[in-house]
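Below: the structure, in structure tokens.
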Amino acid sequence: MPATSATGDPQYALRILFVPVSGPYGMGEYARSLAIAHAASRRWPGASIHFALSREAGYADDAPFPKTLLASSPTFHSAAIIGLLENWRPDVVIFDNAGRTLQLRAARRLGARVVFISARRRQRRKAFRLRWMRLLDEHWIAYPEFIAGRLSVFEKLKLKMLGRPVVRYLDVIMARADAAQGSPILSRAALAAGTFVLVVPGGGTGHPGAAGAVGQFMAAARALAARGVATVYVGPPDAGAAGADAVDTVLPNWHRLGPLPQAELAELMRSARLIVANGGSTLLQAIASGSACVAVPIAKDQAERIRRCAAAGVAVAAILDAAGIVRAAERLLQNELERAALAERARHLGLADGVDVAIRALAGLLEAAHDRMRV
């Protein structure tokens, strides 16, 4: 039987290329792209999905989709990206905080629909340059409006003048468990919903200036467990903590799970009494799960994000220091009214599922492309 694309054309398989920023520090862009890629593969089972990644990224070898590995982040390898575009001919290219004008122009020239995801002010300004706006079909802003800021008068004026691209807020990327497989993480870890603190330094540790982030998060988690609080740590081990495994065996309230698939982490977040997270995408996932959160910055751009969440009353800020993290967590655990109010405000924030937003946008791009081909 001939292959059929999402547009219904025989002898054709939909191709989506993801080009996220990647390297030795952080994995927020990759995690976001991966969640969208998994959703796209469910929406269009016959689709071909490909990633362009830095081989310096710790997750590169384990990426579950075909990939092209580069010496560093794709932004710095225009010749390789353009060669991939010319050889593979994707229908849609999603640049997540990555890309150069030459790369976008090549994708456009080859007939691909072009999407750019901005997660920082600098990238947002870049996407609103007239030169880029003419190349983009969609501009997705990675965070909710209350964090990323509303469109400015100048941005609106440019959009009205050019009539493109479509701008959307992704709000928060929440991975979902496969309904057929389920996600029995609570029973595996012998945990009961609403009884534990979840500590998640995230995959973005190791940023310059925050090399000890894992150690601070893990020390805080162990201190909470030693105080009798059921504590779950999800993340990498602290390479600098000698004898950590021996300490773990004598802490009955301590559960060290290591890195988990996003869907299992989401289940833990929905079930936690309190979450201690970094100030990146992990924080937004925690808030979207409707849990009370303590937010700790591990990268420069996270402090302002945490400030806005605290101002909205959906998180409490703490510095990157184990003792400070413990104080903030214990204060909420001992003040049920404050903890419950945080969780209630988080539940009523009404954040959209960014994966759904992305898939609806992709479906619209593909339908529009099919309509143009029929004319």
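The values are calculated or read from the model by the stated rules, or taken from the named source; none is laboratory data. Everything quoted here is computed from the prediction, not taken from an experiment. All Cβ positions, glycine included, derive from the backbone under ideal geometry; neighbour counts span all protein chains shown. When the accessible area is computed, the model is the full protein with side chains, heavy atoms only, and any ligands, DNA or RNA have been set aside. Shrake-Rupley method; radii C 1.70, N 1.55, O 1.52, S 1.80 Å.
Rounded to the nearest 5, what is the percent of antiparallel bridges among the DSSP beta bridges in the stretch 1-137?
On the way: 1 of 19 bridges.
Percentage antiparallel, nearest 5: 5.
Expressed as a whole number of Å, what is the distance separating the alpha-carbon centroids of the stretch 295-355 and the stretch 19-34?
After rounding, the separation between the Cα centres reads 24 Å.
Over the stretch 266-371, what relative contact order in percent results from Cα pairs under 8 Å that are six or more residues apart?
In percent, rounded to a whole number, it is 25.
Could you size up the charge dipole of the chain around its Cα centre, putting +1 on the beta carbon of Lys and Arg and -1 on that of Asp and Glu, and report it in debye to the nearest 20?
Values: 46 positive and 30 negative charges, 339 e Å.
Around 1620 debye, computed over the chain.
Going by average Cβ density within 10 Å per residue, which order do the peptides 342-349, 216-223 take, highest to lowest?
On the way: 342-349: 17.8, 216-223: 23.9.
With the highest mean Cβ count within 10 Å placed first, the list reads 216-223, 342-349.
Output the peptides 321-334, 287-300 sorted from most to least packed, where packing is the average of other Cβ atoms within 10 Å over each peptide's residues. Write out the running numbers ahead of the final one.
Details: 321-334: 17.5, 287-300: 24.4.
Going by the mean number of other Cβ atoms within 10 Å, highest first, we get 287-300, 321-334.
Between T68 and residues 5 or more places away or on another chain, which pairs have amide H atoms under 5 Å apart, with H built 1.01 Å from N, and which residues are they?
F51, A52, L53
Using modelled amide H (1.01 Å from N, peptide plane; none on Pro or chain starts), what sits under 5 Å from the amide H of I117, excluding residues fewer than 5 places away?
Those lying under 5 Å, H to H, from I117 are F95, D96, N97, A98, W140.
Roughly how large, in nm² to one decimal, is the mean projection of the convex hull of the alpha-carbon atoms in the stretch 1-149?
Details: hull surface 36.9 nm².
Its Cα hull, projected and averaged over all orientations, spans 9.2 nm².
Over the Cα atoms, compute the radius of gyration (one decimal) and Dmax (the largest Cα-Cα distance, rounded to a whole number) for the stretch 290-361, in Å.
Here Rg and the maximum Cα pair distance are 14.0, 44 Å.
Which order do H77, H139, H50 take when ranked by solvent-accessible area (1.4 Å probe, heavy atoms of all protein chains), largest first?
Numbers: H77 45, H139 0, H50 25 Å².
Sorted by accessible area, descending: H77, H50, H139.
Using a 1.4 angstrom probe on heavy atoms only, work out the carbon and sulfur share of the accessible area of the stretch 1-145 in %. Intermediate results must be reported in sequence, preceding the final value.
Details: 3080 of 6060 Å².
Carbon and sulfur together cover 51 percent of it.
Accessible area per residue, 1.4 Å probe, Å², for the chain: what's the number? Write down the numbers at each step before the final one.
On the way: 16590 Å² over 375 residues.
Here the per-residue accessible area is 44 Å².
Suppose a student asked you for the relative contact order of the chain, using Cα pairs under 8 Å spaced at least 6 residues apart; what percent would you report?
Numbers: 704 pairs, mean separation 51.6, N = 375.
With pairs under 8 Å counted, the relative contact order is 14 percent.
For the stretch 82-145, what's the radius of gyration and Dmax over Cα atoms, in angstrom?
Reported Rg and Dmax, both Å: 11.4, 38.
Within the chain, what is the number of lysine pairs with alpha carbons under 30 Å apart, leaving out pairs fewer than eight places apart on the same chain? Numbers along the way, then the final one.
On the way: K67/K126; K67/K300; K126/K156; K126/K158; K126/K160; K126/K300; K156/K300; K158/K300.
Counting lysine pairs in the chain gives 8.
Order T195, T231 by their accessible area, 1.4 angstrom probe, all chains in place, largest first. Could you put the intermediate results ahead of the total?
Working: T195 75, T231 0 Å².
Descending accessible area places them as T195, T231.
Return the long-range amide H neighbours of A317 (sequence gap of 5 or more, or a different chain), with a cut-off of under 5 Å between placed amide H atoms.
Those lying under 5 Å, H to H, from A317 are A295.
Is the stretch 18-101 best put as rounded, prolate or oblate by its Cα gyration tensor, with a ≥ b ≥ c the root eigenvalues, rounded for a/c under 1.5, and otherwise prolate when a/b is larger than b/c, oblate when not?
Working: a/c = 1.71, a/b = 1.17, b/c = 1.47.
It is oblate, given that a/c is not under 1.5 and a/b is not larger than b/c.
For L69, L157, L224, write out the residues from largest to smallest accessible area, computed with a 1.4 angstrom probe and no ligands counted.
Values: L69 55, L157 105, L224 0 Å².
Per-residue accessible area, sorted high to low, gives L157, L69, L224.
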